[in-house]
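> Take this structure first; my questions come after.
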Amino acid sequence: MRSRRGASAIEFAMVLPLLVYVAMGTLEYSWFLYQRTQVVHAVREGVRLAAVSELDDSPAPAALASARTADVLDERGFASGDITIVTSYLDLTGDGAATADTLNLVVTVVYQPIAGGLVPTPSSMAVTMSMMLQGAK
């Protein structure tokens, strides 16, 4: 019976690193998904603002989308040096009419892991969203 003393402590010491790793992985991926959701929200808000803006107004819809997306990401605590915003227009009908244009917004954000790289995660997250411009010309 004496040889079983301390066996629970040794077993716990052997299992503890695995439990910590699983807990940190859960925490890290939860944080990643939360931040990705914040980026999706910011991109949608920027594209939506551009989509409903008047096309004759200044600034251009692409500039509105970029500025609003950057503002929302800044409000959410993302560092401006970690954000890349690219806008483009797509003419889906091919007739050159501004009301048929679609704004495409691509935002890439560098992901800062909270576990210090203990758990492998993507180094960045990219969100692409397109919306048809609705403003009257």
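> Which residue out of A51, A13, A9, A65 is over 30 Å from G116 (Cβ atoms) and either more than 19 Å from the chain's Cα centre (by Cα) or not in a helix (DSSP H, G or I) (or both)?
Selected residue: A51, the only one of A51, A13, A9, A65 that is over 30 Å from G116 (Cβ atoms) and either more than 19 Å from the chain's Cα centre (by Cα) or not in a helix (DSSP H, G or I) (or both).
> Let me ask another. Does D95 satisfy the condition of being within 17 Å of Q134 (Cα to Cα), at pLDDT below 95 and not hydrophobic (A, V, I, L, M, F, W, C)?
yes
> Filter segment 68-92 down to the residues that are part of a helix (DSSP H, G or I), surrounded by 14 or more Cβ atoms within 10 Å (Cβ to Cβ) and of a type in the set (S, T, Y) and list them by number.
The one that is part of a helix (DSSP H, G or I), surrounded by 14 or more Cβ atoms within 10 Å (Cβ to Cβ) and of a type in the set (S, T, Y): T69.
> Continuing with the same structure: Quick one: is T102 modelled with pLDDT under 90, surrounded by fewer than 17 Cβ atoms within 10 Å (Cβ to Cβ) and in a strand (DSSP E or B)?
Criteria met by T102.
> Search segment 111-137 for residues being closer than 30 Å to L92 by Cα and assigned to a loop (DSSP other than H, G, I, E, B), and hand back the single one that is farthest from the chain's Cα centre (by Cα).
My answer is K137.
The values are calculated or read from the model by the stated rules, or taken from the named source; none is laboratory data. It should be emphasised that the depicted structure is a prediction, and the values quoted were computed from it without experimental measurement. Virtual Cβ from ideal backbone geometry, glycine too; neighbours counted across all protein chains shown.
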